[in-house]
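The numbers here are math on the coordinates, done by the rules we state, and not lab data. Just so we're clear, the structure is a prediction, and the values are computed from it rather than from any experiment. Ideal geometry is used to build each Cβ from the backbone, glycine not excepted, and the neighbour counts take in all protein chains shown.
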There are 2 protein chains.
Amino acid sequence: MSAVPPAGAAAPAARVAPAAGLARFSFNQATAKHWPLAEVVAGCVAAGVPGVGLWREPVAEYGLDRAARLVRDAGLTVTSLCRGGFFTTPGWRDENRRAIEEAATLGTTELVLVSGGLPPGSRDVDGARRAVADAIAELAPQAAAAGVRLAIEPLHPMFCADRCVVATLGQALDIAERFAPEVVGVVVDTYHVWWDDTVYDQIARAGARIAAFQVADWVTPLPEGVLLGRGLPGQGTVELRRLREAVDAAGYTGPVEVEVFQADLWSRPGPDILAATIDTYLTHIP
Amino acid sequence: MSAVPPAGAAAPAARVAPAAGLARFSFNQATAKHWPLAEVVAGCVAAGVPGVGLWREPVAEYGLDRAARLVRDAGLTVTSLCRGGFFTTPGWRDENRRAIEEAATLGTTELVLVSGGLPPGSRDVDGARRAVADAIAELAPQAAAAGVRLAIEPLHPMFCADRCVVATLGQALDIAERFAPEVVGVVVDTYHVWWDDTVYDQIARAGARIAAFQVADWVTPLPEGVLLGRGLPGQGTVELRRLREAVDAAGYTGPVEVEVFQADLWSRPGPDILAATIDTYLTHIP
């Protein structure tokens, strides 16, 4: 983006002034999956929330350029775009090239990558993992040129077969470290990594590669399909503050994005969800 | 046990002659949870299955000494007893001392330990892990005296909060290696470890500490509560034969115990379950 706005462009909007305690807080829109984007943005502005994490599908539905204008005019920072990846799926190349462009258009530097699971009928987990590393190598030059970081997110090992063969922070770093830290980083999501007895060592190792810090709590029993059972901060068993302190100690100064997939939560009105997210964040994270 | 049977003791029964391909096969009774013990034993003998894995609850229900006689007279090897552990639960000490005695009475050398999860209301996963290591240190002398090995089983990380804070083979070995290999070992269960990108290195590291090799396949979507969604060999995504070859290459020559918790399978008659287990074992494991 040019330092001087082109003729006819709106002047840069004033940034949202964060409410008390929310300077690092970001609201991932998937936490209120059914809340329309324009209302998410208005709700965040009204609550003094300075950042939002966006998803490609609702952005596409609203219109990419229109969404980019909406958040920019509102003075919100887009802390990440979810998600690229799924490298074991046909069409991954074009899909990810588009995702990089979308991230740049939305003005975020972090594109979250969920690697994808095993191809249908395959048991070759090593092969799938090699394909992920190869795909990232192929995408890295475009990402670097666009000023977008490829942020590899390890998902919990219970997703290894069907969503993400990258199952630990250590494994994500083994891939990321082949590239410059401003081009390929990692996502630390408390829900996915808390169980790992090496996680604090791996967070220290990650250092400047920490592209995003996402927060959700671990709640049992897990629901069928295990996707929609996450908890708001404090609802579960994760040492959330300890993990936040660990990423900080590793040098991370970026946003803390709360991203909770929970069927019960999704059934509530958007403003209630945002209020509950802010409340539990303030109680359990800073 | 004395080399000379005491007066009045039955002569040792002839061992079951394994059917073709079943010399290493063991049927874990939890695979047919609702099949009464006496029928499990008769079914195994009839099918030429030389080994069974037993569980404490059905053994207690049948009567410990009576169960020990039943399997001995049938010529079956008890390949393991499930399970001790749950060290984060009140009463763990007495419960585990009894479990060691039961294993010795049943004539098995391997007592499977599932460590237990976080105590109710706790988020202190490090503390829970220290408690597990301390408990094993406390039990090791009794186990050594009884000729029973404490076999630490890492469960899949999705069980970390509520069943087992020991979540990887590497972590199990970090504990086991403080003791002699004939006193404290590890269980390699394909269902729990397959996703781990370090698992083959850890199996090689385990070597003579591999106390049991258990087999189940990974099937998605996971059911509510995630306990009863395991697959028979070949139903899922795990490279079962590759893992069997890896434990063999590490020096393991013991039984291959198929242990599948699956609601659909449990609803079938016991003999059908055993036949399906043998069939899928022969197709996917040797």
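Points to keep in mind about this one:
- Of A:58, A:221, A:36, the one that fluctuates the most in a GNM where chain A has Cα springs shorter than 10 Å: A:221
- Within-12-Å neighbourhood charge of residue B:182 [Cβ basis; K, R +1; D, E -1]: +1
- The phi-based Karplus calculation (6.51 cos²θ - 1.76 cosθ + 1.60; θ = phi - 60°) puts the 3J(HN,Hα) values of the stretch A:209-214 at 7, 6, 8, 7, 10, 10 Hz, whole numbers, x for Gly and Pro.
- Rel. contact order, % - alpha carbon contacts under 8 angstrom, at least six apart, chain B: 18 percent
- Efficiency of FRET between residue A:272 and residue B:73 - r from beta-carbon atoms, R0 56 angstrom, step 0.05: 0.30
- Net charge of the neighbourhood of residue A:112, taken over other residues with C-beta under 11 Å away and scored Lys/Arg +1, Asp/Glu -1, is -2.
- Ellipticity at 222 nm from helices only: DSSP H runs of n ≥ 4 in chain A, each -39500 (n - 2.57), divided by the residue count, give -12000 deg cm²/dmol.
- Of all the options A:148, A:125, A:260, the one that moves most in a Gaussian network model of chain A with Cα springs shorter than 10 angstrom is A:125.
- With a 10 Å cut-off around each Cβ of A:67-79, the average count of Cβ atoms from other chains is 0.
- For chain B, a Gaussian network of Cα nodes joined below 10 Å ranks B:182, B:95, B:224 by mean-square fluctuation, and the top entry is B:224.
- Of the residues B:80, A:267, the one with the fewest other Cβ atoms within 10 Å heads the list, and the complete ranking is A:267, B:80.
- Inter-copy label distances at residue A:253 (7 Å, Cα→Cβ; nm, one decimal): 6.2
- Inter-part distance where the stretch B:217-286 and the stretch A:175-254 are each reduced to a Cα centre, Å: 32 Å
- With label points set 7 Å from Cα along Cα→Cβ, the inter-copy distances at residue A:119 are 5.1 nm, sorted shortest first.
- Sequence-distant contacts, meaning Cα pairs under 8 Å at least 6 residues apart, place the relative contact order of the stretch A:184-286 at 30 percent.
- J(HN,Hα) series, the stretch B:21-26, from Karplus relation 6.51 cos²θ - 1.76 cosθ + 1.60, nearest Hz, glycine and proline x: x, 10, 4, 9, 6, 10
- Copies compared at residue B:17 - label distances in nm, ascending, label defined 7 Å from Cα in the Cβ direction: 9.1
- The overall shape of the stretch A:110-221 is oblate: from the C-alpha gyration tensor, with semi-axes ordered a ≥ b ≥ c, the ratio a/c is 1.5 or greater and a/b is no larger than b/c.
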